[in-house]
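The values are calculated or read from the model by the stated rules, or taken from the named source; none is laboratory data. Note that the coordinates shown come from a computational prediction; the quantities given were computed from them, not determined experimentally. FYI the Cβ positions are ideal-geometry reconstructions off the backbone, even for glycines, and counts take in every protein chain you see. Note: accessible area is taken over every heavy atom of the protein model, side chains too, but ligands, DNA and RNA are not part of it. Shrake-Rupley method; radii C 1.70, N 1.55, O 1.52, S 1.80 Å.
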Amino acid sequence: MRSEAMSTPIHVADIAQYEGQEVTIRGWVYNRTDKGKLTFLLVRDGSGFAQCVAFKGDLDEATFDAIRRIPQESSVVVSGTVRADKRAPGLPGGYEIGISGFEVVQAAALDYPMALKEHGVDFALDNRHLWIRMPSQWAVLRIRATIMRAIQDFLDGQGFLRVDTPILTPAAAEGTTTLFETPYFDEGFAYLSQSGQLYNEANIFAFGKVYCFGPTFRAEKSKTRRHLTEFWMVEPEIAFCDLDQLMDLEEEFVTFIVQRVLETNRRELEYLGRDLSKLEAIKPPFPRISYDEAVQMIKEIQAETDDPEKKALLNIEWGQDFGSPHETELTKRFDKPVMVYGYPTAAKAFYMEPWPGRPEVCKSVDMLAPEGYGEIIGGSERMSDHDLLLQRIHEHGLPEEAFKWYLDLRKYGSVPHSGFGLGVERTVAWICGIEHIRETIPYPRTIKRVYP
RNA sequence: UCCUCGGUAGCUCAAUCGGCAGAGCGGGCGGCUGUUAACCGCUAGGUUGCAGGUUCGAGUCCUGCCCGAGGAGCCA
């Protein structure tokens with residue numbers, strides 16, 4: 001056995017740079033295949049997966065025997081010579097290590113529960129702490145990290161200042177959604193934030209362009225593949241910005257994120273089987289259609305549908321918000337995210353600016369991802385007039401006292417301003433092309449799950 | 001909260017009309033120099049979600065309950 005000190009410690013991701021050299025990797029045995037006098041170990045080290053090959057004739061008996069018996073997921077230190085071989089699986093793959101030295105850090109217990117095949121969702125999630133070792137989950141979470149980074153790089157590069165907003169907040173800001181409640185000393189109760197937007201609006205008057213980026217909580221009993229009770233949202237807010245400028249920003253932002261993932265994680269996308277051409281097509285301009293046009297399109301789609309069940313689901317009258325079936329059918333007509341603007345005022349939050357000359361419509365915009373992934377962005381131009389905002393607060397039955405500071409923003413130098421929120425997990429699901437949003441966050445929280 | 005589907009070995013699933021509880025993977029033992037979730041032989045492994053009921057006999061039929069899934073509503 002050659003001394004480990006003689007070989008270079010490397011990360012599997014860089015394996016191609018070391019062809020012909022003696023190297024050492026430290027990691028875990030993802031899979032083992034025995035073949036007579038030959039044993040293949042697929043070893044992962046966090047940066048990638050590399051095949052290591054042991055040939056009985058090259059090793060002393062004790063070492064070969066140790067390799068042959070090493071249980072799946074054991075932690076190991078492997079040294080050997082890197083060689084190119086087209087047959088070698090792995091990520092990146094195409095290179096393998098001919099084993100000359102082998103050291104066991106810990107032999108894993110034999111009852112490792114994750115098989116190298118499909119698992120039911122419930123079992124996989126019960127074992128999420130182990131599931132993340134699988135290459136599919138590893139790929140998704142690496143792409144998620146790229147997206148988190150791209151979000152910050154884009155906004156920082158555009159002159160936005162990250163200003164953090166509180167997670168513990170006073171009573172419901174919008175009064176529409178159910179919030180998680182927690183006892184708060186002598187103050188009664190505090191609530192986990194569902195949005196940093198109202199604080200962002202205060203922050204732009206100090207910093208111009210800001211964003212907040214953090215976890216968000218919704219206590220709604222939503223049981224779908226698009227919902228989590230804890231999810232991440234980035235919310236930019238911009239002073240002196242109208243709805244058109246907001247849509248310009250949104251499409252540049254989403255394009256930047258998608259292109260960054262294509263540059264950084266091509267390998268991961270390919271492993272996931274993502275159709276890269278669909279992502280490469282994501283470039284401005286994105287289609288922009290009014291709510292009025294969208295309703296018209298949905299009615300046309302409904303008329304063309306033969307399936308009576310689908311026909312019923314697509315029922316819509318002007319004034320109603322879109323449900324998931326409407327969004328799905330609408331986005332199937334486009335190969336880029338589509339921006340739907342000008343929703344009915346009654347269907348949206350109280351703080352949205354009315355459409356000039358059409359008070360029944362407001363200056364809101366939702367961005368719907370293609371391929372049926374649904375809404376990834378909700379945004380609007382915010383109401384800038386103090387008296388109208390106060391009227392809306394009353395109309396919505398909201399406590400004026402709680403909004404005193406928010407109304408102040410319209411007293412001391414009010415300006416037209418706009419902002420939006422982008423849901424990170426839905427964006428990850430769309431870019432990765434995966435079905436369940438719960439695979440896009442390391443430890444998903446749903447109505448039925450807070451473990452592990 | 002409502003609708004639909006599901007719960008059988010550690011995992012993924014099968015079990016015909018109500019008639020002996022099965023397979024593959026994973027584990028153990030053995031074989032094979034190129035495996036890609038290898039393959040071949042042998043082997044261990046069961047409170048069929050829970051509680052009742054019908055029946056000579058229930059994984060299967062009936063009643064109630066528990067748990068899970070994804071869809072509606074709500075939203076990102």
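Per-structure values
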| read-out | value |
| --- | --- |
| Some residue of the range A:436-448 being away from RNA strand B (no atom under 16 Å from the Cβ), open to solvent by 60 Å² or more (accessible area, probe 1.4 Å) and farther than 22 Å from A:Tyr271 by Cα | no |
| Some residue of the range A:322-341 being more than 13 Å from RNA strand B (Cβ to nearest atom) and open to solvent by less than 30 Å² (accessible area, probe 1.4 Å) | yes |
| Number of positions in the range A:99-137 that are part of a helix (DSSP H, G or I) and either touching a residue at least 12 places away in the same chain (Cβ under 8 Å) or small (Gly, Ala, Ser) (or both) | 11 |
| For A:Ala66: the one exception among (1) assigned to a helix (DSSP H, G or I); (2) surrounded by 14 or more Cβ atoms within 10 Å (Cβ to Cβ); (3) within 38 Å of the chain's Cα centre (by Cα) | (3) |
| Residues of the range A:301-318 that turn out to be of a type outside the set (Ser, Thr, Tyr) and surrounded by 13 or more Cβ atoms within 10 Å (Cβ to Cβ), as a count | 8 |
| Subset of the range A:302-345 (residues that are in a loop (DSSP other than H, G, I, E, B), under 22 Å from the mean Cα position of the chain (by Cα) and within 18 Å of A:Ser364 (Cα to Cα)) | A:Gly323, A:Pro337 |
| Residue match in the range A:335-343 (condition: modelled with pLDDT under 95 and farther than 24 Å from A:Glu251 by Cβ) | no |
| Only one of A:Gly413, A:Gly433, A:Gly397, A:Gly423 that is in contact (Cβ under 8 Å) with a residue 24 or more places away in the chain, in contact with a Leu (Cβ under 7 Å, 6 or more places away or on another chain) and open to solvent by 10 Å² or more (accessible area, probe 1.4 Å) | A:Gly433 |
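Conditions (1) of a type in the set (Val, Ile, Thr); (2) in contact with a strand residue (DSSP E or B) (Cβ under 7 Å, 6 or more places away or on another chain), marked per residue:
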residue: A:Gly48; (1), (2): no, yes
residue: A:Gln51; (1), (2): no, yes
residue: A:Phe55; (1), (2): no, yes
residue: A:Asp60; (1), (2): no, no
residue: A:Ile70; (1), (2): yes, yes
residue: A:Val76; (1), (2): yes, yes
residue: A:Gly90; (1), (2): no, yes
residue: A:Tyr95; (1), (2): no, yes
